[in-house]
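The values are calculated or read from the model by the stated rules, or taken from the named source; none is laboratory data. In this text the structure is predicted, and so the values were computed from the model without any measurement. All Cβ positions, glycine included, derive from the backbone under ideal geometry; neighbour counts span all protein chains shown.
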Amino acid sequence: MTLPVVAVVGPTGSGKSELGLALARRLDGEVINADALQFYRGMDIGTAKLGPAERQGIEHHLLDVLDVTQEASVAAYQEDARRIVGDVRARGRVPILVGGSGLYIRAALDRLEFPPTDSGVRARLEAELAATGSAAFRQRLRAVDPASAERIDDDRRLVRAVEVHEISGRPFSAFMPRREYHQPAVQIGLGVDRDALRERLAGRVHAMVRRGLADEVERLAADGLRDGRTASRALGYGQFLRVLDGSLTEQDAIEETIAATRRFARRQLTWFRGDPRVAWTDWQAPGLVDRALAIVRQHGDIS
């Protein structure tokens, strides 16, 4: 029997965690986190991370694996997620990816190869670009990778493309992702009513503040949150760091967080709507779990 990877995707606040948990119970599955901010220890309230009791005994992977000073890496996530998927499948259970970080979902599911990097090569190429100018450097790239030379419009990516070719001998364009699963998978998207989601997100931010988001940010600031390139820019955390610094009032931080969260949800919807493989179902439909199970059974060999 083929055990596909099940991915529950959609915008923030749409109920992905709850559906993933329900599917894990019904399918004898284990949950693999695909929310880049839930990797961080201590970032609980502002990321709506399910606590240990809320996980209801379902095994959850890749939660609380980074300190706030560390930078999340898609390439590292791909390696970790695929290893865990293999372990879950080897136990005869169903791996269930849950999250709204689109690139991380693709890294886990798709034939996506990350180009190599070398800081020494990059530094040398940056110096060469500064000496010769963008036009000459673009011509150099055109000789080995005309597709990238035509598409790239900034110096940083010009250097990156030449770096990749120099290290690997392959054009940067050869590493472009394809919408092709590297193993059997099904993606379930939670389709939302946008006006209802807007209201839910506002209520969610207010609830996070009542639960102690400001105190959580203060604790994490003592652990180096400001030094974390990824964590410090997280929704709510960046705003409440400014409250701590005295440059923003709490009310303004709340309003900014609500606005930023709504923009983020729109970007997530655009990302996932752009993938024709996602099977959508209404987030508030009666019998949502049964509908999601029907999608899984339609796309994968699960009895």
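Per the listing VAL68, VAL74, the residue uniquely touching a strand residue (DSSP E or B) at 6+ places or on another chain (Cβ under 6 Å) and among the hydrophobic types (A, V, I, L, M, F, W, C) is VAL68. None of ARG142, ARG122, ARG138, ARG106 is assigned to a helix (DSSP H, G or I), under 30 Å from THR47 (Cβ atoms) and not small (Gly, Ala, Ser) except ARG106.
For (1) surrounded by 15 or more Cβ atoms within 10 Å (Cβ to Cβ); (2) at pLDDT 95 or above; (3) among the β-branched types (Val, Ile, Thr), each residue gets a yes or a no:
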residue	(1), (2), (3)
ILE96	yes, yes, yes
GLY99	yes, yes, no
TYR104	yes, yes, no
VAL121	yes, no, yes
GLY133	no, no, no
ARG160	yes, no, no
GLU166	yes, no, no
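For region 145-158, a residue qualifies if it is modelled with pLDDT of 90 or more, farther than 23 Å from ASP110 by Cβ and either in contact with a Gly (Cβ under 9 Å, 6 or more places away or on another chain) or outside any helix (DSSP H, G or I) (or both), but none of them does.
Somewhere in region 150-173, is a residue closer than 30 Å to ALA222 by Cβ and not basic (Lys, Arg)? Within region 150-173, not a single residue is closer than 30 Å to ALA222 by Cβ and not basic (Lys, Arg). The set of residues in region 135-152 that are of a type in the set (Lys, Arg) and under 10 Å from SER173 (Cα atoms) contains only ARG151.
When you scan region 5-14, do you find a residue that is small (Gly, Ala, Ser) and in contact with a Lys or Arg (Cβ under 7 Å, 6 or more places away or on another chain), even just one? Yes, there is a match, as at least one residue in region 5-14 is small (Gly, Ala, Ser) and in contact with a Lys or Arg (Cβ under 7 Å, 6 or more places away or on another chain). For the residues ILE84, ILE45, the requirement of being within 26 Å of VAL192 (Cβ to Cβ) and assigned by TED's automatic domain parsing to the domain that holds ASP195 singles out ILE45. For region 19-40, does any single residue satisfy the condition of being surrounded by 17 or more Cβ atoms within 10 Å (Cβ to Cβ) and farther than 30 Å from ARG291 by Cβ? Looking through region 19-40, at least one residue is surrounded by 17 or more Cβ atoms within 10 Å (Cβ to Cβ) and farther than 30 Å from ARG291 by Cβ. Among the criteria (1) in contact with a Lys or Arg (Cβ under 9 Å, 6 or more places away or on another chain); (2) not in a helix (DSSP H, G or I); (3) not hydroxyl-bearing (Ser, Thr, Tyr), the one VAL162 does not fulfil is (2). Consider region 165-193 and keep the residues that are touching a residue at least 24 places away in the same chain (Cβ under 8 Å) and assigned to a helix (DSSP H, G or I). The one that is farthest from ARG140 (Cα to Cα) is PHE175. Examine region 103-118 for a residue that is in contact with a Pro (Cβ under 7 Å, 6 or more places away or on another chain) and not acidic (Asp, Glu), and state whether such a residue exists. Yes: region 103-118 contains one or more residues that are in contact with a Pro (Cβ under 7 Å, 6 or more places away or on another chain) and not acidic (Asp, Glu).
When restricted to residues that are under 20 Å from HIS206 (Cβ atoms), surrounded by 14 or more Cβ atoms within 10 Å (Cβ to Cβ) and in contact (Cβ under 8 Å) with a residue 12 or more places away in the chain, region 221-260 contains 15.
Summed over region 135-149, the residues that are loosely packed, with under 13 Cβ neighbours inside 10 Å and either within 16 Å of the chain's Cα centre (by Cα) or acidic (Asp, Glu) (or both) give a count of 0. Residues of region 27-79 that are closer than 29 Å to ARG297 by Cβ, of a type outside the set (Lys, Arg) and outside any loop (DSSP other than H, G, I, E, B): LEU27, GLY29, GLU30, VAL31, ILE32, ASN33, GLN38, GLU54, HIS60, HIS61, TYR77, GLN78. So which residues in region 1-18 are surrounded by 21 or more Cβ atoms within 10 Å (Cβ to Cβ) and at positive phi, if there are any at all? Across region 1-18, the qualifying residues are GLY10, GLY13.
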